[in-house]
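Down below is the structure, laid out as structure tokens.
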Amino acid sequence: MAKTSPLLPTLPLLLALLPATAGLAADQSHASIYQAVHGHIEQRLDEIEAKPEIQINPLDRRLSLEQCDQPLQTFDPPSFRALGRTSVGVSCEGSKPWSLYVSAQVSVDLPVVVAARPLARNSLVQAADLKLKPVNSDKLYNNYLTRPADALGKRLRRNIKAGDVLNNGMLIVPKAVKYGSRVTLISRLAGLEVRMKGKAMGQGGIGERVAVKNLSSERTVEGIIRASGVVEVQ
């Protein structure tokens, strides 16, 4: 009498499972999502010559997404920022769409303005006081300067050590127009320039807006301070 193999009863079950297994959709690899995020961030930083350092936070290993039958799309979430802690949206717009956000840490060495030597409080900043130096963006605070010209002619609010990064909060813009002072109003139209006498109704530095009373018409207008005692009305 022939013996029956103990494996034979399981064959019908295996054969029944094969079609179902073969029909399962492949998962979207996490690596392909990371690649899309990396490319998106690099594109946003395209104007920066230095190569950014991008660290993508891994997705949960248990996250399973169906393989997209279209190229992955990336987008900026409302909170997107190019440097520091950020996130990028990745979506599939294929037959079975899905979407998710991937967080990352981005840093880059940026040329910023630093003090070339120790500088005293209330001193007037000159070109010899400054230099450009590459500093990692993770160590920078808001309002740092990238052009020495933005600090020239301004006074320091406090003592600055050599190598310190300069920002707008350290600088005092000298008042080019003071409240109640007499100023020259300039108006330009079609190549013509008209100058009038005025009285400042506020104060500010070069490039700032200030209200001025036209002493001829007694009207109060607003203009931009172009130089000490000079306001241009646009």
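Only the coordinates and a few stated rules stand behind these numbers; no lab work does. Treat the numbers as computed from the prediction; the structure is a model and nothing was measured. Cβ coordinates were reconstructed from backbone atoms using ideal geometry, including for glycine residues, and neighbour counts include every protein chain displayed.
Relative to the longest principal axis of the C-alpha atoms of the chain, give the angle of the C-alpha long axis of helix 11-22, reported between 0 and 90° and rounded to the nearest 10°. The angle comes out at about 20 degrees. Length gained on full extension, Gln105 to Leu63: 13.0 nm, using 0.36 nm per residue less the C-alpha separation. Candidate cross-link partners of Lys178 among the lysines, defined by an alpha-carbon separation under 22 Å and a same-chain spacing of 8 or more, comprise Lys154, Lys197, Lys199, Lys213. Within the straight-line cut-off of under 17 Å between alpha carbons, the aspartates and glutamates reachable from Lys161 are Asp129, sequence neighbours fewer than 8 places apart in one chain being disregarded. Beyond 15 Å, what share of the Cα-Cα pairs of region 182-233 is found? Please give it as a whole percent. Distances greater than 15 Å cover 34 percent of the Cα pairs. Building the convex hull from the alpha-carbon atoms of region 109-172 and averaging its projection over directions returns 3.5 nm². A straight Cα-to-Cα reach below 20 Å connects Lys133 with the aspartates and glutamates Glu47, Glu49, Glu53, Asp109, Asp150, Asp164, residues fewer than 8 places away in its own chain not being considered.
Values (1) 24.0; (2) 21.7; (3) 18.2 are given for comparison; Kirkwood radius over Cα pairs in Å, derived from the coordinates here, is the one labelled (1). Using the Cβ-Cβ distance between Lys161 and Asp138 with R0 set to 22 Å, the FRET efficiency from 1/(1 + (r/R0)^6) comes to roughly 0.65. For the chain, the longest principal axis of the Cα atoms and the long axis of helix 30-44 meet at an angle of about 20 degrees. Annotation: extensible slack from Ile48 through Arg219 equals 56.8 nm (criterion: 0.36 nm per residue apart, minus Cα-Cα distance). Across region 58-72, coupling constants 3J(HN,Hα) worked out from phi with the 6.51/-1.76/1.60 Karplus curve, θ = phi - 60°, read x, 6, 4, 4, 7, 5, 10, 10, 5, 4, 6, 8, 10, x, 5 Hz, and Gly and Pro carry x.
In whole angstrom, region 41-110 maps to an equivalent ellipsoid with semi-axes of 25, 14, 10, each derived as √(5λ) from the alpha carbon gyration tensor and ordered largest first. Averaging the sequence gap over all C-alpha pairs within less than 8 Å and six or more residues apart, then dividing by the number of residues, gives region 182-233 a relative contact order of 35 percent. When Rg and Dmax are taken over the Cα atoms of region 135-208, they come to 17.7, 50 Å.
Its DSSP H runs of at least 4 residues, each contributing -39,500 (n - 2.57), put the calculated 222 nm mean residue ellipticity of the chain at -3500 deg cm²/dmol, to the nearest 500.
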